[in-house]
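Taking it in order: structure first as structure tokens, then the write-up.
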Number of protein chains: 2
Amino acid sequence: MPQQRRAQVTRRTILVAAAEEFDREGYRATPLNAILRRGGVTKGAFYFHFASKEAVAQVLIRIQRERWTALFQRWVRSGLDPLSTAVGLVDEVVRLIDDDVVIRAGTALACRREAGGVPLDWERSLTELFAKAADGGQLRPDVDPRAAARVLHAALVGVRALGPGASAADRVAEIWRVLLRGVASADWLRSNP
Amino acid sequence: MPQQRRAQVTRRTILVAAAEEFDREGYRATPLNAILRRGGVTKGAFYFHFASKEAVAQVLIRIQRERWTALFQRWVRSGLDPLSTAVGLVDEVVRLIDDDVVIRAGTALACRREAGGVPLDWERSLTELFAKAADGGQLRPDVDPRAAARVLHAALVGVRALGPGASAADRVAEIWRVLLRGVASADWLRSNP
């Protein structure tokens, strides 16, 4: 394996090992040694790539931010109506958080404002989509799009906070069923059964 | 002040001081000294009433459990239909958590399973009420009462987890507006505008 490629693999190994430890034990409770042990990486190799545990966390935060931003833009450009865009976007976010420990750990760091992280404003992104849905007649006229977005956001955060149990994807599908029946226009519900 | 009355006041002072510290700093991060300082209580007075910081936490957990159980039973016996009972119950719970630091700290301890605490199963209590509402025709026939209760519960937990911002009471009113429109029968919505 050429040297540059090996260095990339080591860097990725450290990121995944750190993500797994942060995910299990929390950022603060994770000593650097636990990351080295999990990754099977020497201290020397670690410091070749990162200045500190905090520096690894900052990269995890950056990775999730870039991933979410790209994902949001992809869905907004999907050509679907805004309400269907919101459904697709949220489902992919939930699936990615469940499946990808690097994204999950980075997101948790940002949400807890650890290692200088700042959470993305999902409530605002959802509000934009719901406001567009209101303009397009996909919401009932008596629904406040901001309220609908806030309730959705709170329910999604709640499912996360309640933690394991039923699969998050099932819980989220349930939230959509209840929410859409309450806020979507009859037309939209007819065309999206 | 007679001695017994004075002892009661000191005990209450310790409970409130501990609740305030746990509420601000978290249970684990609170040293006993911080509770003594906040309450203006000597170590001797503290140990006259409690064996340890954990013992105080256990009393806070017991207080919230008794309070919530009594409150639930009062609402169930209110004579209101089950859906209106759920609305009244949840609103009083949210108000009490906002207003009473002893209840708030005890509930947080139980939810985080600290000091041997076990959370009350609110999802189950709400599910019971929604199931009765379904039996009574207050829900739309195509609504799964357990799903409705789970979505409500997740949204309430999410509002808590998202923390300060808009008043929790406003957020909860918003959740009810969206949720009830999605799950309540037309009849119920007509009689509860």
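What helices does chain B hold that run 18 Å or longer along their axis, going by alpha-carbon atoms, with a Kyte-Doolittle average of -1.0 or more, using DSSP H for the helix calls?
Numbers: long enough: B:3-25 (33 Å, -0.94); B:53-76 (35 Å, -0.19); B:82-99 (25 Å, 0.69); B:122-135 (20 Å, -0.39); B:145-162 (25 Å, 0.89); B:168-183 (22 Å, 0.52).
Those that pass (Cα extent of 18 Å or more, hydropathy at least -1.0) are B:3-25, B:53-76, B:82-99, B:122-135, B:145-162, B:168-183.
Sort shortest first the distances from residue B:112 to its counterpart in every other copy, using label points 7 Å along the Cα-to-beta-carbon line, and give them in nm.
Those separations, rounded to one decimal, come out as 1.1 nm.
How high is the relative contact order of chain A, in percent, counting Cα pairs under 8 Å that sit 6 or more residues apart? Spell out each step's value before the answer.
Values: 178 pairs, mean separation 35.2, N = 193.
It comes to 18 percent, rounded to a whole number.
Starting from the Cα gyration tensor of region B:60-191, take the square roots of the eigenvalues, sort them a ≥ b ≥ c, and report rounded, prolate or oblate (rounded when a/c is under 1.5, otherwise prolate if a/b is larger than b/c, else oblate).
Details: a/c = 1.98, a/b = 1.63, b/c = 1.22.
Prolate, since a/c reaches 1.5 and a/b exceeds b/c.
Can you list the equivalent-ellipsoid semi-axes of region B:1-50, largest first and in whole Å, using the square root of 5 times each Cα gyration tensor eigenvalue? Numbers along the way, then the final one.
On the way: eigenvalues 89, 21, 11 Å².
Here the semi-axes work out to 21, 10, 8 Å.
Which residue, B:125, B:84, B:167, tops the fluctuation ranking in a GNM of chain B built on C-alpha contacts under 10 Å?
B:167
Nothing charged except the Cβ atoms of Lys and Arg (+1) and of Asp and Glu (-1): what's the magnitude of the dipole of region A:1-50 about its Cα centre? Round to the nearest 20 debye. Could you put the intermediate results ahead of the total?
Working: 9 positive and 4 negative charges, 46 e Å.
Roughly 220 debye, rounded to the nearest 20.
Could you give the nm distance between label points at residue B:43 and residue A:42, where each point is 7 Å from its Cα heading toward the beta carbon?
5.0
What gaps in nm, shortest first, separate residue A:79 from its twins in the other copies when you place the label 7 Å past Cα toward the beta carbon?
In ascending order, 6.2 nm.
What is the distance in Å between the Cα centroid of region B:77-106 and that of region A:25-104?
38
Give, rounded to the nearest 20 debye, the magnitude of the charge dipole that chain B has about its Cα centre when Lys and Arg contribute +1 at Cβ and Asp and Glu contribute -1 at Cβ.
740
On average, how many beta carbons from a partner chain sit within 10 Å of the beta carbon of a residue in A:171-183? It would help to have the intermediate numbers written out before the result.
Details: counts 4, 2, 1, 7, 5, 1, 8, 13, 6, 1, 9, 9, 4.
Per residue, the average neighbour count from other chains is 5.
For peptide B:144-151, what's the mean number of Cβ atoms from other chains within 10 Å of each residue's Cβ?
On the way: counts 3, 0, 1, 7, 4, 0, 11, 14.
Going residue by residue through B:144-151 and averaging, the value is 5.
Compute the label zone of residue A:161 within region B:125-160: residues whose backbone N is under 12 Å from the point 7 Å along Cα-to-Cβ.
Output list for this probe position: B:153-160.
Once the dipole of the protein assembly as shown is set up with Lys and Arg at +1 and Asp and Glu at -1 on Cβ about the Cα centre, which of B:134, A:176, A:105 lies farthest towards its positive end?
Checked the options; the winner is A:105.
Need one word for the protein assembly as shown: rounded, prolate or oblate. Basis is the Cα gyration tensor (sqrt eigenvalues a ≥ b ≥ c); a/c below 1.5 gives rounded, then a/b vs b/c decides. If you can, show how the numbers build up before the last one.
Values: a/c = 2.46, a/b = 1.02, b/c = 2.40.
Oblate, because a/c is 1.5 or more while a/b does not exceed b/c.
Taking each label point as 7 Å beyond Cα in the direction of the beta carbon, state the distances from residue A:136 to the same residue in the other copies, shortest first, in nm.
Nearest to farthest, the other copies are at 4.0 nm.
With Kirkwood's inverse mean 1/r over C-alpha pairs for Rh, give me the Rg to Rh ratio of region A:1-89, two decimals please.
1.15
Cross-link candidates for residue A:53: which aspartates and glutamates have Cα within less than 19 Å, leaving aside residues fewer than 8 places away along the same chain?
Cross-link targets: A:20, A:21, A:23, A:25, A:114.
Rule-based calculations on the coordinates, nothing more; no lab input. No experiment lies behind these values; they were computed from the predicted model shown. Please note: Cβ atoms are built from the backbone with ideal geometry, for glycine as well, and neighbour counts cover all protein chains shown.
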